[in-house]
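Encoded as structure tokens, the structure appears first; notes follow it.
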Protein chains: 2
Amino acid sequence: MRKSIATVSVSGTLTEKLAAIAAAGFDGVELFENDLLTCPLPPEEVRLRAADLGLSIELYQPFRDFEAMPSPDLRRAERKFRVMERLGADTLLVCSNVSPQAVDDDELAASQLRLLAERAAEHGIRIAYEALAWGRHVNEYLHAWRIVRLADHPNLGTCLDSFHILSRGSDPIGIEAIPGEKIFFLQLADAPLLAMDVLQWSRHYRCFPGQGTFDLAGLVGHALKAGYEGPLSLEVFNDHFRQADAGRTSHDGMRSLIALEQALRGADHPAEPTGFAFAELAGPVGGVLTALGFTRTGAHPDEPVELWEQGEARLLVDTTAADPSLLAVGLETPDQAAATEHAASLLSPTMEAPDGTRHSFPDAAWRDGFAPSLPAPGDITHIDHVALTQPWHHFDGATLFYRTVLGLRPQESLELPDPYGLLRSKAMSSADGRVRVVLNLAQVGAESMPLQHVALATDDLLATACRLRAEHPELLLPIPCNYYDDLDADPSLRELGVLHDRDEHGEFLHLYTVTVGRVFFEIVQRIGGYRGYGAVNAPVRLAVQHLRWANDLAARHQGASA
Amino acid sequence: MRKSIATVSVSGTLTEKLAAIAAAGFDGVELFENDLLTCPLPPEEVRLRAADLGLSIELYQPFRDFEAMPSPDLRRAERKFRVMERLGADTLLVCSNVSPQAVDDDELAASQLRLLAERAAEHGIRIAYEALAWGRHVNEYLHAWRIVRLADHPNLGTCLDSFHILSRGSDPIGIEAIPGEKIFFLQLADAPLLAMDVLQWSRHYRCFPGQGTFDLAGLVGHALKAGYEGPLSLEVFNDHFRQADAGRTSHDGMRSLIALEQALRGADHPAEPTGFAFAELAGPVGGVLTALGFTRTGAHPDEPVELWEQGEARLLVDTTAADPSLLAVGLETPDQAAATEHAASLLSPTMEAPDGTRHSFPDAAWRDGFAPSLPAPGDITHIDHVALTQPWHHFDGATLFYRTVLGLRPQESLELPDPYGLLRSKAMSSADGRVRVVLNLAQVGAESMPLQHVALATDDLLATACRLRAEHPELLLPIPCNYYDDLDADPSLRELGVLHDRDEHGEFLHLYTVTVGRVFFEIVQRIGGYRGYGAVNAPVRLAVQHLRWANDLAARHQGASA
């Protein structure tokens, strides 16, 4: 299907927007009036610019507060028609009236829209009438369609907007009652479920399909069944998107539509990841890994990369970097070729998350290349999860990446108090829970601490903690005594610096190492069917890490000035 | 009255919070449990640290989900009591139960709270029971009081929280039905009116008294009438406050309480500003001022400051700075001494806004010091308003400053689309509209453009525009033609580059100059009783300014690298 996006969905001036949208591979745009009014180029040049970029102008919008008025303002409409002719745009979006002067009279609305359509027809223009969720009298899509049918003019049809339909809880199945050729336009936006005024929700929190909780594939399916043949067009009002890089946002938008088309075809992820093949670190982390019980079992024949192993936990280490960080994640899959091809189909051949972490589906024999020896036996059994800090404005993009490209499912979404702000955190996992990724949102400002971590699983955390405390006490992140004074748990946790959580399925024991470079390690034990990540204890960790981070910075500054 | 603030209201680690709170002059704190749990100091040292800073620990909080349970968890309560003894805190906040297991049974709730109070009494501790607005069965403050009365124990009282009362629309007059000695604690938070889930509203959008729309003085008046003698304590959950500078936030909190006390005494601003005495600019702006029709009428005898005048518009210019900016605003007042003293009483002797702009109430003869000549006649009659960009996280602080220190009233609050994000804007003015200030919120990120501007009034904008276009066309900000194609107004506006707006009271004509340094000028004509600021046209201005700003930056970079 043709793919379009409203210019309001991305950041920048109109020319910047068009360039980014075209680069992402869209076929057309909805031109938002404000973007034209603030643009120094006349409509003819905007038309040429768009055409040069391979973009058609699918819709001009919005035209507000026209119908069901005591006296409709046709002069204003004529001004829009003239601009649209110069733009080469043939469809005008008319939103249902929100004016206090609007009359609750479908006959009047229909007759005035008919008049508008007649005038539009003289310019070769079509009118797409849409029910805003907060329209004064018309706020249901089937109500808008009733008025369109009543008006009965070939140049008048309806525009459907997934947000306006789904935010009100309307059942989209009614779309099938509308003849496809009378659905002039289909606008798509997803949104997180928020209990708030629908106007504010719409203006600030819309997102691309797959980033929220609406069933977009279901809605589009009804429109296709009705015979809709127009473009799939994204229309998103989002405070982050307004500020984020336009290229990346456009790219995310295109990915969301491709994933939507795949969902429409019933094509799930063809080869969902079944486990962590490895996590790849950079920098001098050998000392920490040895302390944690890992063995250096092999080395890449051609590259400066070592393999470290313990149980089924495998870590690659690129030894050339100076500062430790987490570079990449290798994932196991039943079908490497299908998984890799699927990622490419979603515009992500390199599988790089917004924070720069690369992902791959290595072939089954990847480990052999390192000519590995057997690792020494240890407590660690496998990688439980990795946690990555995503850049400001690209949290929704990260969700989309892990959901579509890697086939993970969103789990709990939390806000955790950090001493210097709330930390937004979202867990995603494979269906069987073997691959878990926690996405954290980096904060803005000087106190930003963009940490990454690898959580390693053990079957006996107290034993692991005992050993570490005896052999490498300097490696353990100290936990404040006050935490234990408040805790109703085994007193040995205090001595060992182990944290505790429980949910309705089981219990969780965990500890953290200190940070090296940007990276730290967590060791976790899931008891029973515990499903979480110990988020209740994250504020304790964050406070201690901030203190140490600040001390390190101060020491480095002192070192630099000494 | 004693003044207190919850540690959750400000940013940082517990020790940073205590230091900032003490520096702002508070008498005590509500210690938030999470701040203690994440703190490396044991309770005894926290107690000493607070005492050294002159702070008492007025309340320990929150203790959740205790009452009306099938079996109340007294062991958990005993842990809290032990910590409180070590802290030297004698009042524990118990919030009404939100657990799905809670039973809707006031008798049960009362008997369990009585049991809790008995145990607390053994530790010399009092229980303050509070109705959360989203409590499962108890969510009205008078309901909480009924349960407290039913329990009838000297160590059990109620805690009132202005947010929980006013967010539900409850009438605070019922507070007078509670004996003062049974009101164990009074928590104060204001909030903007938002149509959203009350829990989200509470957790993210609370603010200090005077920053929102609640009638805090009214509520506190009822508590005082009831005989409440405890502290006024601020408890604010706010995403910005969590990230903002703790010293500035604490200072704002103290200012809000002082203003609240003044309101309780019925003490309005004693000498509200009646006009702009002057605006003070820095840098080489003489050329622009001359072009705008200003005359250099005088010079300061001792300082490098010039006086420029036109009509009643007076501008001081500090000629030593290299980059033009707006430094200060002088305000006329019927009583200079009272106005200055009032500012000092609100902790603002220098009257500096969060963006650094200084304000003053110069004495009536200030102009004489410049030995001024008569200005040439011109179109400009006076300063209409100044617009200032406030730093991220300190928008609420700016509102409080202008509202309390300078006695201005909040007017419209808007969000305007800028190419790179939404611009938050709030207008404030004196009762008679002679002093108007527009506060804009600076955006985060690379595209940030922290502009300031002075809007000058004229009685005939078209004449002024004509003259400027003929004599200094380079000075006028060019307006895109597309703006005029969409405008239903006098065609001469297009030729002259004048913008237009109307409201129900009248019309507005205005134009902008280009930016010099951080500053630009606006010339405005209010026709009829127009009350706004042409905000509908701000997106056009912002888009053009961004384009020029980016070009300037590029040219400067080129210059630097050449």
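The values are calculated or read from the model by the stated rules, or taken from the named source; none is laboratory data. Since the structure is predicted, the reported quantities are computational estimates derived from the model, not experimental observations. Methodologically, a virtual Cβ is constructed for each residue, glycine included, from the backbone with ideal geometry; neighbour enumeration extends over all protein chains shown. Remember, those area values only see protein heavy atoms, side chains included, never the ligands or the DNA or RNA. Shrake-Rupley method; radii C 1.70, N 1.55, O 1.52, S 1.80 Å.
Structure summary
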| quantity | calculated |
| --- | --- |
| Gap separating the Cα centres of the stretch A:226-260 and the stretch B:36-107, nearest whole Å | 48 |
| Semi-axis lengths, Å, the stretch A:213-291, gyration tensor of Cα atoms, sqrt of 5 times eigenvalues | 38, 21, 10 |
| Heavy-atom accessible surface of chain A: percent carbon and sulfur, 1.4 Å | 51 |
| Label spacing, shortest first and in nm, from B:Thr381 to its equivalents in the remaining copies (7 angstrom along Cα→Cβ) | 8.2 |
| Estimated buried accessible area (total), pair B and A, 1.4 Å, Å² to nearest 100 | 4000 |
| Whole-number D in µm²/s for chain B (Stokes-Einstein; Kirkwood sum over Cα pairs; 25 °C, 0.890 mPa s) | 94 |
| Threshold 50 Å² - residues in the stretch A:234-273 whose accessible area is reduced by that much or more when the chain is no longer isolated, probe 1.4 Å | A:Arg242, A:Gln243 |
| Pseudo-label separations to other copies for A:Met1 - Cα-to-Cβ vector, 7 Å, nm | 5.9 |
| Filter on A:Lys3/A:Lys225; A:Lys80/A:Lys182; B:Lys3/B:Lys182; A:Lys426/B:Lys80; A:Lys3/A:Lys182 - keep pairs with C-alpha separation over 24 Å | A:Lys426/B:Lys80 |
| Amide H within-cut-off set for B:Tyr530, under 5 Å, with H built and near neighbours excluded | B:Gly506, B:Glu507 |
| Model label zone, A:Arg64; criterion: amide N under 16 Å from point 7 Å along Cα-to-beta-carbon; scope the stretch A:186-222 | A:198-204 |
| Complex-versus-alone comparison for the stretch B:79-103, residues with a loss of 30 Å² or more in accessible area, probe 1.4 Å | B:Arg79 |
| Pseudo-label separations to other copies for B:Ala431 - Cα-to-Cβ vector, 7 Å, nm | 7.0 |
| Two-site FRET efficiency, B:Lys225 against B:Arg168, from Cβ-Cβ distance with R₀ of 22 Å, rounded to 0.05 | 0.55 |
| Cβ nearest the rotation axis (A onto B), residue from chain A and distance to the nearest whole Å | A:Met196, 2 |
| Chain-alone versus full-assembly comparison, the stretch B:463-486, residues with accessible loss of at least 30 Å² (1.4 Å probe) | B:Pro480, B:Asn482, B:Asp485, B:Asp486 |
| Normalised per residue, the volume of the convex hull around the Cα set of the protein assembly as shown (Å³) | 200 |
| Inter-part distance where the stretch A:313-375 and the stretch B:364-421 are each reduced to a Cα centre, Å | 57 |
| Per residue solvent-accessible surface (Å²) - the stretch B:275-548, probe of 1.4 Å | 37 |
| Volume in Å³ per residue [convex hull over Cα atoms, computed for the stretch A:457-550] | 100 |
| Under-5 Å amide H pairs with B:Thr297, H placed in peptide plane, nonlocal only | B:Leu307, B:Trp308, B:Glu309 |
| Derived scalar couplings ³J(HN,Hα) [the stretch B:152-165; Karplus, 6.51 cos²θ - 1.76 cosθ + 1.60; whole Hz; x for Gly, Pro] | 6, 9, x, 8, 10, x, 10, 10, 9, 10, 4, 5, 5, 7 |
| Pairwise centroid distance, computed over Cα atoms, of the stretch A:10-34 with the stretch B:503-519, Å | 29 |
| Mean projection area, nm², convex hull over Cα of the stretch A:275-548 | 14.2 |
| Whole-Hz couplings from phi, Karplus 6.51/-1.76/1.60, listed for the stretch A:404-419; x for Gly and Pro | 8, 5, 9, x, 7, 10, x, 10, 5, 10, 10, 10, 10, x, 9, x |
| Value at 222 nm in deg cm²/dmol, rounded to 500, when DSSP H runs of n ≥ 4 in chain A each add -39,500 (n - 2.57) | -9500 deg cm²/dmol |
| Two-site FRET efficiency, A:Asp302 against A:Glu471, from Cβ-Cβ distance with R₀ of 41 Å, rounded to 0.05 | 0.75 |
| ³J(HN,Hα), Karplus 6.51/-1.76/1.60, whole Hz, each residue of the stretch B:48-63, x for Gly, Pro | 5, 4, 4, 4, 4, 8, x, 10, 8, 9, 6, 7, 10, 7, x, 10 |
| Residues whose placed amide H lies under 5 Å from that of B:Leu408, excluding near-sequence neighbours | B:Arg403 |
| Peptide ranges B:529-536, B:507-514, A:271-278 listed from the most packed, as the mean C-beta count within 10 angstrom indicates | B:507-514, A:271-278, B:529-536 |
| Two-site FRET efficiency, A:Ala322 against A:Glu415, from Cβ-Cβ distance with R₀ of 30 Å, rounded to 0.05 | 0.30 |
